[in-house]
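Q: The structure under discussion is supplied below as structure tokens; questions concerning it will follow.
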Amino acid sequence: MPVRSSLARHATRSALPTQLAENAQVRAAMAWFAPNLKWINDEQARLTEIPAPSFQEGQRAAAVKALLSASGLHVQIDAAGNVIGELPGLHEKEVVVLSAHLDTVFPAGTDVKVRREGSRMLAPGISDNGTGLAALVAIARAIHEAQIKPQRTILFVANVGEEGEGNLRGMRALVESYRDRLKAVIVLDGAGTDHVTTIALASRRLEVVINGPGGHSWSDFGMPNPINALVRGSVRFINTKVPASPRTTFNLGQIEGGTSVNSIPYEAHLKVDVRSESEDELARLESALRDCMAAGVRDEMESSRDRSRGKLEWKLEVIGSRPGGELAADSPLLTALRAADVIVENESRIERSSTDANVPLALGIDAISIGAGGDGGGAHSLQEWYDPAGREMGLKRALLTLLGIADVAPEKTR
Ligand SMILES: [Zn+2]
């Protein structure tokens, strides 16, 4: 679940074609949601209760595959683990993707049982991305029930590796496979209908590892200590100035090392996430981290009394990199989204974020990320919740955007 920063609210009062909403089959697809909201909620809860940490999405993937197959799609699982359900269009050489990520940030063993309190559902992952997955299968089902044949081929994709160190690997593999035919990607991530993410925030994840000889806390006191060096370097780094514009952030997110309180550690790790609206700032922060860690290691070596049994070694690795990019204001995909907003009487604002849409956007392929309706909160926490009130509007909005860009074939052409 991305944290978003918002830009200007876009006007939804433009004179856009609403023929789509007048098409009888499209109306039938939209009408499918209301009587099936309980089914959608139940499927969301069922999928959420199948653990799916990044790199361990297989069991949840199999469940989504069965659901998409039941909607008449030809479904396969690719080498990366992505579930891909295909609805062939009249023009099979042009492909539109509707995707939702399968993975969660919660490690194996996390209690993911869904509790219900009134209309709310509570469980880790229930909103991010139980909501997106439930919408993916519901929209596939609605299109199937309405017997819609699209102009462009639609791929319904439940992809792996969106969160954390998954590093968008599922979307990278998908875009690589379909790149020549891919016209647009619509990513469903989390709840809400208040935003459309069209600007991909560039980010890097960096890991620092410092190694030393290690020893006993009392008898070997004075040897260089990797944790000391890491702390010295970290204190330098967190004093790095970042600009408010272009907005740039860093986070020391994970720190590990040592084996016991009375041992001088032989290893220390630090993971840092840096984000910016500017690639130059990212590069600057990465080199600042390198400089600070080099200085931290040097300080620790200089202050150690006993260097006889070895010195500190350190390295910095880029463990993740998300490219930046931006959807053109006049793109057909954004036009389709705005038309959908008009039809469902929704207002949404343009946002900038780091999502699966980064991958196509960085390659110049039209892409957006949107919420799938309803309301949610506490993403990436054990208190995560989802309230499906208002979900139907989000489903219609996503459906209309999808059909707006894939287009519906006239009935007589089939
Ligand atoms: Zn998410």
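Q: Show me the three semi-axes of the equivalent ellipsoid for the stretch 150-260, from the C-alpha gyration tensor (sqrt of 5 times each eigenvalue), largest first, rounded to whole Å.
A: 44, 19, 12
Q: For SER217 and ALA283, what does the FRET efficiency come to when R0 = 35 Å and r is the distance between their Cβ atoms, rounded to the nearest 0.05?
A: Values: r = 39 Å, r/R0 = 1.12.
About 0.35, to the nearest 0.05.
Q: Along the three principal axes, how long is the stretch 264-304 when you take its alpha carbons, biggest first, rounded to the nearest angstrom?
A: Cα extents, longest axis first: 40, 18, 8 Å.
Q: At 0.36 nm per residue, minus the direct Cα-Cα distance, what do ARG115 and GLU302 gain on full extension? Give it in nm, one decimal, please.
A: 61.8 nm
Q: Hey, could you grab the Kirkwood Rh for the stretch 88-185? Inverse mean 1/r over distinct alpha carbon pairs, Å, one decimal.
A: Every distinct Cα pair counted, the radius reaches 15.2 Å.
Q: Output ³J(HN,Hα) for the stretch 148-159: one whole-Hz value per residue in order, computed from phi by the Karplus curve 6.51 cos²θ - 1.76 cosθ + 1.60 with θ = phi - 60°, and x for Gly and Pro.
A: So the J values, rounded to whole Hz, are 7, 10, x, 5, 9, 5, 9, 10, 8, 10, 9, 9.
Q: What does the convex hull of the Cα atoms come to per residue for the stretch 212-264, in Å³? Walk me through the intermediate numbers first.
A: Values: hull volume 4.3 nm³, N = 53.
Taking the convex hull of the Cα positions in the stretch 212-264, it is 82 Å³ per residue.
Q: Let me ask another. Find the centroid of the Cα atoms in the stretch 112-160 and in the stretch 236-256, then give the distance between the two in whole Å.
A: 35 Å
Q: Tell me the label-point distance for the pair ALA389, HIS91, using the 7 Å Cα-to-Cβ offset, in nm and rounded to one decimal.
A: The modelled label-to-label distance comes out at 4.3 nm.
Q: Right, next: Can you tell me the length gained on complete extension of the stretch VAL231 to GLU411, counting 0.36 nm per residue apart and subtracting the Cα distance? Each step should come with its number before you reach the end.
A: Details: separation 180, 0.36 × 180 = 64.80 nm, distance 6.69 nm.
Once the chain is fully extended between VAL231 and GLU411, it gains 58.1 nm.
Q: With label points built 7 Å along Cα→Cβ from the Cα atoms of THR249 and TRP39, find their separation and express it in nm.
A: Between THR249 and TRP39, the label points sit 3.9 nm apart.
Q: Still on this structure: Take the stretch 234-285, drop everything but the C-alpha atoms, weight them equally and run the Debye formula without solvent; then report log10 I(q)/I(0) at 0.16, 0.24, 0.26 Å⁻¹ to two decimals.
A: For the requested q values the scattering log ratios are -0.57, -0.91, -1.00.
Q: Hey, what number do you get for the chain at 222 nm if only DSSP H runs of n ≥ 4 count, each worth -39500 (n - 2.57), divided across all residues, to the nearest 500?
A: Numbers: 11 runs with 136 residues, N = 414.
-10500 deg cm²/dmol, from helical runs alone.
Q: Between GLU347 and PHE55, what is the spin-label point distance in nm, taking each point 7 Å from the Cα along the Cα→C-beta axis?
A: 4.5 nm
Q: Now, a different point. Using modelled amide H (1.01 Å from N, peptide plane; none on Pro or chain starts), what sits under 5 Å from the amide H of THR355, excluding residues fewer than 5 places away?
A: Hits under the 5 Å cutoff: LEU201.
Q: If eta is 0.692 mPa s and T is 37 °C, what Stokes-Einstein diffusion coefficient results for the stretch 318-414, Kirkwood Rh from Cα pairs, in µm²/s? Please list the in-between numbers first.
A: Values: Rh = 15.4 Å.
D, rounded to a whole number, is 212 µm²/s.
Q: Would you please give the residues with an amide H less than 5 Å from that of ILE319, counting only those at least 5 places away or on a separate chain, with H modeled from the backbone geometry?
A: Here the answer is ARG205, LEU206, GLU207, since their amide H atoms fall under 5 Å of that of ILE319.
Q: Apply the Debye scattering formula to the stretch 265-337, with a single equal point scatterer on each alpha-carbon and no solvent, then give log10 I(q)/I(0) at q = 0.13, 0.21, 0.25 Å⁻¹.
A: -0.59, -1.00, -1.18
Q: Which loop trypsin sites (Lys or Arg not before Pro) in the stretch 231-310, with loop taken from DSSP, have no more than 11 other Cβ atoms within 10 angstrom of their Cβ?
A: Counting only loop positions with at most 11 other Cβ atoms within 10 Å, the trypsin sites (Lys or Arg not before Pro) in the stretch 231-310 are LYS241, ARG305.
Q: So, how do all the Cα-to-Cα distances of the stretch 228-378 break down into 5 Å bins, in percent, from 0 on up?
A: Going out from 0 Å in 5 Å bins, the stretch 228-378 shows 2, 7, 13, 15, 13, 12, 10, 8, 7, 5, 4, 3, 1, 1, 0 percent.
Q: Here is a further query. In sequence order, what are the phi-derived ³J(HN,Hα) couplings for the stretch 363-373 according to the Karplus relation 6.51 cos²θ - 1.76 cosθ + 1.60 with θ = phi - 60°, rounded to whole Hz, with x for glycine and proline?
A: Residue by residue, the stretch 363-373 yields 9, x, 8, 4, 7, 9, 10, 9, x, 9, x Hz.
Q: In a solvent-free Debye calculation with one equal scatterer on each Cα, what is log10 I(q)/I(0) for the chain at q = 0.06, 0.07 Å⁻¹, listed in the order of the q values?
A: Evaluating at q = 0.06, 0.07 Å⁻¹ gives log10 I(q)/I(0) of -0.29, -0.38.
Q: Now for a separate question. Can you tell me the Rg and Dmax of the stretch 180-219, counting just the alpha carbons, in angstroms?
A: 23.0, 66
Q: Can you pull the three principal axis extents for the Cα set of the stretch 135-200, in Å, largest first?
A: The principal-axis extents, from largest down, are 39, 32, 21 Å.
Each value in this text was obtained by applying a stated rule to the coordinates, not by laboratory testing. None of these values were measured; they are calculated from a predicted model. Note that we place each Cβ from the backbone using ideal geometry, even for glycine, and neighbour counts take in every protein chain shown.
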